[in-house]
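Here's the structure we're looking at; comments come further down.
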Amino acid sequence: MTKCKCCHIQFRWGEIFRKNNFYRPIKCRNCGCEHKIDFPSRMIVTSLSVIPFLIFGLVLSPFDNLLFTVIISLAIFESGMILTPFLVNYKPVRK
Ligand SMILES: [Zn+2]
């Protein structure tokens, strides 16, 4: 799991998870240092969540029911997102 680059405290899974959803900057709860997701990590987030979501939603859906397809697609999206806090890297924002 990513650590704060300023004070080396470890970020919590939930902190990263919430920020990853919209690539928002994460603020260290200990020292207030702001971090942004780096570019390779954005690619990781996209390939684990958005791409499977799109493939399932647009190509592979075995269901005729649109609502069911949307629900399963969102479940796939979220299960990819659950993994991302372990894989992404953050870099401190220079002010
Ligand atoms: Zn810190």
Kindly check whether there is at least one residue in region 61-84 that is among the charged types (D, E, K, R), assigned to a helix (DSSP H, G or I) and either at pLDDT 90 or above or out of contact with any His (no Cβ under 6 Å at 6 or more places or on another chain) (or both).
yes
Of all residues in region 13-39, which are within 30 Å of Val70 (Cβ to Cβ) and over 8 Å from the mean Cα position of the chain (by Cα)?
Trp13, Gly14, Glu15, Arg24, Pro25, Ile26, Ile37, Phe39
Any residue at all in region 37-46 that is part of a strand (DSSP E or B) and surrounded by 13 or more Cβ atoms within 10 Å (Cβ to Cβ)?
yes
Starting from residues that are polar (S, T, N, Q) and within 30 Å of Gln10 (Cβ to Cβ), keep the ones in region 63-87 and report whichever is surrounded by the fewest Cβ atoms within 10 Å (Cβ to Cβ).
Ser79
Residue by residue through region 11-20, note down the ones that are in a loop (DSSP other than H, G, I, E, B) and over 18 Å from Pro40 (Cβ atoms).
Arg12
For region 1-57, name all the residues that are of a type in the set (Val, Ile, Thr) and within 13 Å of the ligand (Cβ to nearest atom).
Thr2, Ile9, Ile26
Taking interchain pairs and intrachain pairs at least six residues apart, which have beta carbon atoms under 9 angstrom, with the first residue in region 29-46 and touching a residue at least 24 places away in the same chain (Cβ under 8 Å) and β-branched (Val, Ile, Thr) and the second within 14 Å of the ligand (Cβ to nearest atom) and outside any helix (DSSP H, G or I)?
Ile37/Pro25; Ile37/Ile26; Ile37/Tyr90; Ile37/Lys91
Return the total of residues in region 5-28 being touching a residue at least 12 places away in the same chain (Cβ under 8 Å), within 18 Å of Lys91 (Cβ to Cβ) and polar (S, T, N, Q).
1
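The values are calculated or read from the model by the stated rules, or taken from the named source; none is laboratory data. Computed from a prediction, not measured in an experiment: that's the story for all the values here. We place every Cβ from the backbone using ideal geometry, glycine too, and count neighbours over all the protein chains shown.
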